[in-house]
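The structure appears below as structure tokens.
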Amino acid sequence: KDVSMNSKLHVANDFDVATNKFTIASGTGNTVIAGTTDITGDLTVNGISTLGSTTSATISTNGLVTINNVADSTNNTSGSLIVKGGVGIVKDINIGGTLDVTGITTLGSNSSTTTTVDANGAIVISNNTSSTSATSGALKVTGGVGIAENTNIQGTLDVTGVTTLGGTDGATVS
């Protein structure tokens with residue numbers, strides 16, 4: 001039978017609805033809801049929250065997900081969003097600050113398609129490892145290198161193989 005009240009309901013012990021469908025523990029305030037919960041207003045959660053089980057959880061929205069915390073990241077365990085597993089991103093990513101990568105970085109895929117690294121400024125390699133062969137040094141390129149502009153070499157130029165200077169017009173060496 002329906003019950004109507006025009007004042008507060010005070011419960012001294014645990015409060016259960018349909019045995020285990022909705023439970024509020026009197027000692028802790030912990031609330032268990034079995035089933036779907038629809039919230040039409042804001043939901044404020046204080047403290048650590050667990051969504052889903054230990055194997056998976058889905059956060060689904062038709063709108064944007066915004067994290068308002070502005071903590072800067074100085075390593076892989078700091079910042080406003082810390083992800084302890086891998087991240088798959090289907091669309092573009094825009095980074096407003098510095099991209100700091102620890103570990104091996106792969107650009108492109110393992111296919112034969114061309115991967116372009118586009119930089120508005122100069123690309124600087126700070127590693128100063130000397131080159132003693134075609135497989136050593138700060139920059140190692142497995143394939144050929146095409147250079148459309150001037151090249152300046154401050155150290156020794158060591159060429160192994162056929163060398164062509166000047167194309168069909170001959171070569172000037174000074």
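Taking segment 60-91 as the range and being among the hydroxyl-bearing types (Ser, Thr, Tyr) and surrounded by 10 or more Cβ atoms within 10 Å (Cβ to Cβ) as the test, the residues that pass are Ser73, Ser78, Ser80. For Thr50, the requirement of being within 19 Å of Ile82 (Cα to Cα), open to solvent by 100 Å² or more (accessible area, probe 1.4 Å), part of a loop (DSSP other than H, G, I, E, B) and hydroxyl-bearing (Ser, Thr, Tyr) is met.
Of the set (1) within 20 Å of the chain's Cα centre (by Cα); (2) of a type in the set (Val, Ile, Thr); (3) open to solvent by 100 Å² or more (accessible area, probe 1.4 Å), all apply to Thr135 but (1). Against the criterion of being open to solvent by 80 Å² or more (accessible area, probe 1.4 Å) and over 30 Å from Asn30 (Cβ atoms), Val101 does not qualify.
Every test in (1) loosely packed, with under 10 Cβ neighbours inside 10 Å; (2) of a type outside the set (Val, Ile, Thr); (3) modelled with pLDDT of 80 or more is passed by Asp169 save one, and that test is (3).
The values are calculated or read from the model by the stated rules, or taken from the named source; none is laboratory data. Please read these numbers as outputs of a predicted model, since none were measured by experiment. FYI the Cβ positions are ideal-geometry reconstructions off the backbone, even for glycines, and counts take in every protein chain you see. Note: accessible area is taken over every heavy atom of the protein model, side chains too, but ligands, DNA and RNA are not part of it. Shrake-Rupley method; radii C 1.70, N 1.55, O 1.52, S 1.80 Å.
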